[in-house]
Amino acid sequence: MSTTALQGLLEYLYGTLSPKNMRWVANHLMERAEQAEPEALRRYTMDEIDAMLDRAEAEIAAGHGIPHEEVMRRQKEKLARMKKTGYRMAETV
């Protein structure tokens, strides 16, 4: 939605809603926005980041995951297959 359309909607709501109704709409919009926002965009606390790092380090120590060399080998194979089939990557801007 354009900024102009959003501004028009706001002006309409300002003219029609009571302060109590404005708070009700605002609360419901915030709840819906928080539910719709992908987890990746959520801000993390340092404790959460530390916990994620601890889990990742424990997985590596347990031998889980894929070594860098294997990831690169798979990537090269995938690119070779793509070139063989004539697939073209998008150009960067």
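The charge dipole of the chain, taken about its Cα centre with unit charges on the Cβ of Lys, Arg, Asp and Glu (plus for the first two, minus for the last two), comes to roughly 720 debye. Within the accessible surface of the chain, defined with a 1.4 Å probe on protein heavy atoms only, the carbon and sulfur portion equals 60 percent. A helix-only calculation puts the chain at -23000 deg cm²/dmol for mean residue ellipticity at 222 nm, using -39500 (n - 2.57) for each DSSP H run of at least four residues, averaged over all residues.
One decimal place: the segment Arg74-His28 gains 11.9 nm when fully extended, by the rule 0.36 nm per residue minus the C-alpha distance.
Once you sort the root eigenvalues of the Cα gyration tensor of the chain as a ≥ b ≥ c, which label holds: rounded (a/c under 1.5), prolate (a/b larger than b/c) or oblate (the other case)? Taking the square roots of the gyration eigenvalues as a ≥ b ≥ c, the chain is oblate. At a probe radius of 1.4 angstrom, the accessible area of the chain per residue rounds to 98 square angstrom.
If you add up the charges near Tyr87, with Lys and Arg at +1 and Asp and Glu at -1, over every other residue whose beta carbon is less than 14 angstrom from its beta carbon, what do you get? Residues near Tyr87 contribute +3 overall.
The values are calculated or read from the model by the stated rules, or taken from the named source; none is laboratory data. Because the structure is a prediction, the values reported are computed rather than measured. Neighbour counts are summed over all protein chains in view; Cβ atoms, including those assigned to glycine, are modelled from backbone coordinates with ideal geometry. Only protein heavy atoms, including side chains, enter the accessible area calculation; ligands, DNA and RNA are left aside. Shrake-Rupley method; radii C 1.70, N 1.55, O 1.52, S 1.80 Å.
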